[in-house]
Amino acid sequence: MLDFDHAQTLLANAAGPLDRVEDVALADLAGRVLARDLTATVDIPPADNSAMDGYALRAADWSDAARLPVQQRCYAGDTPEPLKPGHAIRLFTGSLIPEGADVVVMQEDAEEADGHVRISRPPALGQHIRLRGEDTLAGAPLLAAGTVLEAAHVALLASQGMATAPARARLRVGILTTGDELVPPGAARAPEQIYNSNGPMLAALARGMGAEPVHVLHARDTEADLLAAFKTLLADCDLVLSVGGVSVGERDLVKPALATLGGELSLWKVRMKPGKPVALAQIGGKPVVSLPGNPVSAYAVFTLLVTPLVRRMQGRETLFPPVSLLPLRTERTRQDSREEFLRVQRRVADDGSAELVPYGHQGSGVISSLPWSTGLARVPADTPVQDKDRVPYYDLRHWLA
Ligand code: AMP
Ligand code: MG
């Protein structure tokens, strides 16, 4: 048996980042991985401008009694005139600061009549002026390679005038489900059959990570069927995930099929619950990961063991999302010889503190526990955990992103 942390590291290193890079338009960038470090080329803001609707003037021209002639009305997008001594220029948020002005007075502190403005309070030098480059300076590092681009990054790139950015090509994932008992959702089901939930689930998990599930194939429990499916997936995909048929049952033919394809194979019984049988093969330089068939096990193993590998192949900066420590609510002492990952809901009590509440039925086939859960709580192997003990919490929002 391989311990959980060791298995996680081994799998995370099963392949390197893909080198395919493409220029992607801003509108399609959210969720993509930046392929190169980017440097700012433009000062942001590019020129001093007003943070308020108001008046630009020289602080030295202010006195309580002064009525300054309004020289120009300068809207955002207009070019200001140089400010004449003893004058004011009317401007608006985003208007450029006229040459010679050193303050902006907000309109709430000004009274304009007959083309003159009176300012009620002495202005402080530089007030309400956004200085050129105070946000970003040209030449400064902008974004690091490996960043997963979200709306905030898109805004930053757009502010620099970039219409596209270099992104890693989407990781192509091939999915293979196995089992004679399975029928696809939407098809007629005989009493001895169940619907294939792992196929659509894994496709959605891959898509949720910004990968592209290129094929979702199904093979009956025969070596010929498995071989044909694996060949298709290996031809078209960067990473292949199979699910089911990887235990030690008579019809568990995934392992022999991978061996036939020349896979350099490692099968581990990972010391984790749910989970346990996980296989990794390298075939023609491509990783094939075989997950346990029970839907909850497949989901947990994907979350904890496969996503770091996916992130690595995507060229991402962070492979292991943060794990926090939170009190676990439990009616009995929990202890197991394997690491146990409970499906839990993170709840926030009235006093603002968070705690983890386990789903009532923790069986590895209980699919209803999955949409209910916000994360997985880790009960360490051979360690008794009592009510309110703090345990590692793997938040699905982070681990499945
Ligand atoms: P296996 O590892 O093939 O023995 O499968 C373990 C359990 O998971 C069995 O109860 C299977 O019926 C179930 N199972 C396997 N694959 C799927 C799937 N794609 N969708 C739903 N259940 C599955
Ligand atoms: Mg099976």
Check: Cα extents of the range 244-401 along the three principal axes, largest first, in whole Å?
Finding: 58, 38, 28
Checklist line | Rounded accessible area of E111 (nearest 10 Å², 1.4 Å probe) | finding: 120 Å²
Notebook entry, point to check: Tell me, what are the semi-axes, in whole angstrom and largest first, of the equivalent ellipsoid of the range 49-130 as set by the roots of 5 times the Cα gyration tensor eigenvalues?
Noted result: 17, 13, 12
Margin query: If you count only protein heavy atoms with a 1.4 Å probe, what accessible area per residue comes out for the chain, rounded to a whole Å²?
Written below: 46 Å²
Notebook entry, point to check: With each pseudo-label sitting 7 Å past Cα toward Cβ, what's the S197-A65 distance in nm, one decimal?
Noted result: 8.5 nm
Note to self: Taking θ = phi - 60°, what integer Hz values does the Karplus form 6.51 cos²θ - 1.76 cosθ + 1.60 yield along the range 386-401, in sequence order, with x for Gly and Pro?
What the structure shows: 10, 3, 6, 5, 7, 10, x, 10, 9, 6, 5, 4, 8, 6, 9, 9
Margin query: Please list, in order along the range 346-362, the HN-Hα scalar couplings obtained from phi with the Karplus expression 6.51 cos²θ - 1.76 cosθ + 1.60 (θ = phi - 60°), rounded to whole Hz, x for Gly and Pro.
Written below: 8, 10, 10, 6, 4, 7, x, 7, 9, 8, 10, 10, x, 5, x, 10, 9
Next item on the list: Please provide three numbers in whole Å: the alpha-carbon extents of the chain along the principal axes, with the largest listed first.
Entry: 96, 50, 41
Note to self: Per 0.36 nm of contour for each residue apart, how much would the distance between V42 and A25 grow if the chain were fully extended, relative to their Cα-Cα spacing?
What the structure shows: 4.2 nm
Checklist line | Cα-based reach from K84 at 14 Å (exclusive), listing aspartates and glutamates while leaving out same-chain residues under 8 positions away | finding: D61, E99, D102
Item checked: Stokes-Einstein translational diffusion, the range 1-103 - Kirkwood Rh over all Cα pairs, 1.002 mPa s, 20 °C, in µm²/s -> 114 µm²/s
Item checked: q = 0.20 Å⁻¹: log10 I(q)/I(0) that the Debye formula gives for the range 324-399, counting C-alpha atoms only -> -0.84
Checklist line | Residue with peak Gaussian network fluctuation, the chain [Cα springs, cutoff 10 Å], from W268, W62, W372 | finding: W62
Notebook entry, point to check: On the accessible surface of the range 49-130, probed at 1.4 Å, how many percent belong to carbon and sulfur atoms?
Noted result: 51 percent
Note to self: Going by amide H atoms built from the backbone, whose H comes under 5 Å of the H on T374, apart from near neighbours?
What the structure shows: V344, Q345, R346
Notebook entry, point to check: Using a 1.4 Å probe on the protein chains only, how many percent of the accessible area of the range 324-399 belongs to carbon and sulfur?
Noted result: 46 percent
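So if R0 is 25 Å, what FRET efficiency would Q282 and H398 give, r being the distance between their Cβ atoms, rounded to the nearest 0.05?
On the way: r = 28 Å, r/R0 = 1.14.
Between Q282 and H398 the formula returns 0.30.
The values are calculated or read from the model by the stated rules, or taken from the named source; none is laboratory data. Model, not experiment: these values are computed from the prediction. Note: ideal-geometry Cβ built from the backbone for every residue, glycine included; neighbour counts use all protein chains shown. Surface areas here come from the heavy atoms of the whole protein model, side chains and all, with no ligands, DNA or RNA. Shrake-Rupley method; radii C 1.70, N 1.55, O 1.52, S 1.80 Å.
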